[in-house]
Amino acid sequence: MIFNKKGVTLVANAIHNTSRLFKISKFLTEKGRIGQLTVIGFWNEGLALEEDYAPKIHIERRKSLKQKLPKVRIALLSKFLTVISIIPFFIGIFFSCLRKKPEVVYCHDVLLLPIALLVKLCNGASIIYMPHELETEETGSGKVTNLFLKIIEKVGMKFVKHTTVVSPGIQYWYQNKYKTDKVSLIRNIPDFDNQKDSINKKLRSTLGLSNSDIVFIYQGLIGNSRGVLEVATTFSMLKDSRKHLVFMGYGPATNAITDFASKFANIHYIPAVEPKDIFDYTSDADVGVFFIAQEISMSYKYSLPNKYFEYVKSGIPILISQNLLSIEVEINNNQTGWCINSSVEVLHEFLENINSNDILEAKRKVILADENYNWEKEVKILSNF
């Protein structure tokens, strides 16, 4: 059945390298669920205000009032400008949505859920809510912010047609929290299968590493809340110089990581690469790492990030801390790596003792598990609503 509906997607970011958003958008338009889709998000310097991502997908980025004004170095004044710019910014997004006359609004962030609700009130559009994590339980968010988001989500869930989430843990949380069965799981599996025949491994040659080196890789947001400093510190103390750690991404802790890289020969940094190039880099490593040696939020505990699937689809096992509950379930069910106690002492002992034979055996199991993860099968559930 072919549909000719108009749709709007709302995202609270600059619509750049957001792989899940683009994969879902392509499915909706290529499979005929949506005739024309407009993705509306935030503008950042260096990005176009408008562009066509695909024949049926148009991107619109909007500037806030603060972005139009000169940069202010005074912190208090900067915060004031941020606050007063929010209302006209959101009003602009709302009227932009109305002009598109959407029949469906795909809302990817709780912050923009009020806009989706207003659009529904004005023209009866259906709302598909698609949070990428437990935004009301995030690490680093203040109590006031979380309370505000919880109120928005609690009200909004009453008017949402359906919700999609990224992990079984988050799915259960939504079903239990809001007493609803209209919550579906779409795990963020990368579509690497069509790249495997044309693989062009780049990581070791870029960094001057040999095939005998054991390469661990962390990819994604480089922030203190992701445990990157503890992991880097642990690698800096290893006795075996053949065991290397590569950080690939960007974030607030990038400077700290580049400082590690300048001081220790076994620690390296590569800026974030284009999504189409991730497989070429990641598949050239031996082990993926996502280890947080600290108390973490419920959002992190239940998260099942795309980095897990990127590691598996790239043919490498993953090393995680046991406080990452959803990833631990996947690893235990599919034998795709190791889950260890979330302390730096245990991490250090594990890294000192692991050898090439251990990793080779784990890679064999990862190759078998790879068959269980397929994006085309995963996203088909969107055809039901």
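The values are calculated or read from the model by the stated rules, or taken from the named source; none is laboratory data. Small disclaimer: the values here were computed from a predicted structure and weren't measured. Cβ coordinates were reconstructed from backbone atoms using ideal geometry, including for glycine residues, and neighbour counts include every protein chain displayed.
For this structure, a couple of remarks:
- Applying the criterion of being of a type in the set (Ser, Thr, Tyr) and in contact with a strand residue (DSSP E or B) (Cβ under 9 Å, 6 or more places away or on another chain) to the residues of the stretch 235-253, the residue that is modelled with the lowest pLDDT is TYR250.
- Yes/no for LYS276 being at pLDDT below 95 and surrounded by 22 or more Cβ atoms within 10 Å (Cβ to Cβ): no
- Verdict on VAL183 being aliphatic (A, V, I, L, M), closer than 18 Å to ASN306 by Cβ and without any contact (Cβ under 8 Å) to a residue 60 or more places away in the chain: no
- Qualifying positions in the stretch 4-53 - in contact with an Asp or Glu (Cβ under 9 Å, 6 or more places away or on another chain), assigned to a loop (DSSP other than H, G, I, E, B) and surrounded by fewer than 17 Cβ atoms within 10 Å (Cβ to Cβ): LYS5, ALA12, ASN13, ASN17, LEU49
- Among the residues of the stretch 331-385, just one is at pLDDT 95 or above and at positive phi, namely GLY337.
- Looking only at the stretch 36-91, and only at residues there that are touching a helix residue (DSSP H, G or I) at 6+ places or on another chain (Cβ under 6 Å) and among the basic types (Lys, Arg), the one that is modelled with the highest pLDDT: LYS56
- Test for SER356: is it touching a residue at least 40 places away in the same chain (Cβ under 8 Å) and surrounded by fewer than 18 Cβ atoms within 10 Å (Cβ to Cβ): yes
- Cβ pairs under 6 Å, 6+ apart, first in the stretch 201-224 and closer than 22 Å to ASN17 by Cβ, second among the β-branched types (Val, Ile, Thr): ILE217/VAL246; TYR218/VAL289; ILE222/VAL228; ILE222/THR254; ILE222/ILE257
- Once the stretch 92-105 is narrowed to residues that are closer than 15 Å to GLU60 by Cα and aliphatic (A, V, I, L, M), the residue that is modelled with the highest pLDDT is VAL105.
- Scanning the stretch 227-278 for residues that are part of a strand (DSSP E or B) and under 17 Å from the mean Cα position of the chain (by Cα) gives PHE247, MET248, GLY249, TYR250, PRO271.
- The stretch 284-367 holds strands (runs of 3 or more DSSP E) entirely within its bounds, and those carrying 2 or more residues that are within 17 Å of the chain's Cα centre (by Cα) and not assigned by TED's automatic domain parsing to the domain that holds GLU135 map to 287-290, 318-321.
- Only one of the listed residues (VAL155, VAL160) is surrounded by fewer than 16 Cβ atoms within 10 Å (Cβ to Cβ) and β-branched (Val, Ile, Thr). That residue is VAL155.
- Residue match in the stretch 140-162 (condition: among the hydroxyl-bearing types (Ser, Thr, Tyr), assigned to a helix (DSSP H, G or I) and free of Cβ contacts under 8 Å to residues at least 40 places away in the same chain): yes
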